[in-house]
Amino acid sequence: MTVKYSQDFAQRANLCKSKRCKECGLFLNQLPIFDEQKISNVFWVGLSAVQFQDDEEMQPLSPLTRSGALIHSIEAPYLDKISFYKTNIVKCVPLKEDKIRYPVEHEMEKCFPNFELELSELKPTTVFLLGKQVATFVLKKLSHAIPEFSQDFNYEPIKIGEVNFVPVHHPSFILVYKRKYIDSYIQNIQKLFMKQQSVSKYKHRVVINECEFVCV
């Protein structure tokens with residue numbers, strides 16, 4: 001069942017000043033990471049944040065990472081036409097003995113309301129779910145069956161309400177196991193979001209708020 005909110009956006013924005021999630025405790029590893037909050041045509045959704053050094057610019061799916069760099073290359077030709085937003089299901093960094101681990105379902109559940117708020121406030125038309133773990137979790141929360149990943153990278157959108165959710169292989173999987181097919185991966189994703197955007201009028205880039213969300 002999808003988690004509902006007890007506060008509106010303005011009220012929740014007021015809660016986020018400390019940038020701390022006291023339910024799962026992952027903020028102790030690193031404070032939550034968010035992209036610039038703006039009305040966006042396309043979302044990229046990863047699993048969890050990575051660790052950053054103090055002098056690095058912190059953002060989800062950062063181009064400093066290999067996965068983030070691939071995503072940036074996919075969107076780069078369209079930055080003047082389409083507004084993109086990057087996020088993770090878990091905004092903080094899950095660690096075990098100072099090494100990054102996969103988040104557990106409890107942590108994903110606690111942070112999921114933040115993703116719901118991003119969807120409702122930033123109003124994407126297309127949401128790319130990066131990797132099987134993200135796709136399975138999000139579609140299950142939205143009460144939808146989990147499709148098989150296309151082996152030839154011909155991904156199909158799943159229409160839920162006004163949003164097209166698209167499960168795709170994680171960029172890291174492509175870079176490690178399918179590198180010779182990287183051009184096909186890029187072209188098919190570009191083709192899909194351009195097709196989706198042609199159906200709807202491009203939205204303006206509007207900054208909504210300078211705050212972060214927080215789990216409750």
For Ile158, list long-range residues whose amide hydrogen, built 1.01 Å from N in the peptide plane, is under 5 Å from its own amide hydrogen.
Phe165, Val166
For the stretch 23-199, restrict the atom set to alpha-carbon positions and state the Rg and Dmax in Å.
15.5, 48
Of Lys86/Lys141; Lys99/Lys132; Lys132/Lys180; Lys96/Lys191; Lys123/Lys180; Lys110/Lys132, which sit over 27 Å apart, Cα to Cα?
Lys96/Lys191; Lys123/Lys180
Normalized C-alpha radius of gyration of the stretch 75-138, against 2.2 N^0.38 Å?
1.30
Loop only by DSSP, 15 or fewer other Cβ within 10 Å of the Cβ. Give me the GluC sites (Glu not before Pro) in the stretch 101-165 that pass, ordered by residue number.
Glu148, Glu162
If you rank Asp35, Asp152 by fewest surrounding Cβ atoms within 10 Å, what's the result?
Asp152, Asp35
Least to most buried among Leu130, Leu175, by other C-beta atoms within 10 Å and fewest first, runs Leu175, Leu130
Given a Förster distance of 25 Å, report the FRET efficiency between Met194 and Leu142 from their Cβ-Cβ distance, rounded to the nearest 0.05.
0.55
So, with points 7 Å from each Cα along the Cβ direction, the Leu64-Leu95 label distance in nm works out to 1.5
If each residue of separation counts as 0.36 nm, what is the full-extension length gain between Ser120 and Ile182 once their alpha-carbon separation is subtracted?
19.1 nm
Projected area averaged over all directions for the convex hull of the alpha carbon atoms of the stretch 27-104, nm², comes out at 5.7
Trypsin sites (Lys or Arg not before Pro) within the stretch 56-149: which are DSSP loop residues with at most 11 other Cβ atoms inside 10 Å?
Lys81, Arg101
Using Cβ contacts closer than 10 Å as the measure, can you line up Val45, Val138 from fewest to most?
Val138, Val45
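Values in this text are rule-based calculations from the coordinates and carry no lab data. All of these numbers come straight from a predicted model, not from anything done at the bench. Reconstructed Cβ throughout: ideal geometry from the backbone, glycine too, with neighbour counts over all protein chains shown.
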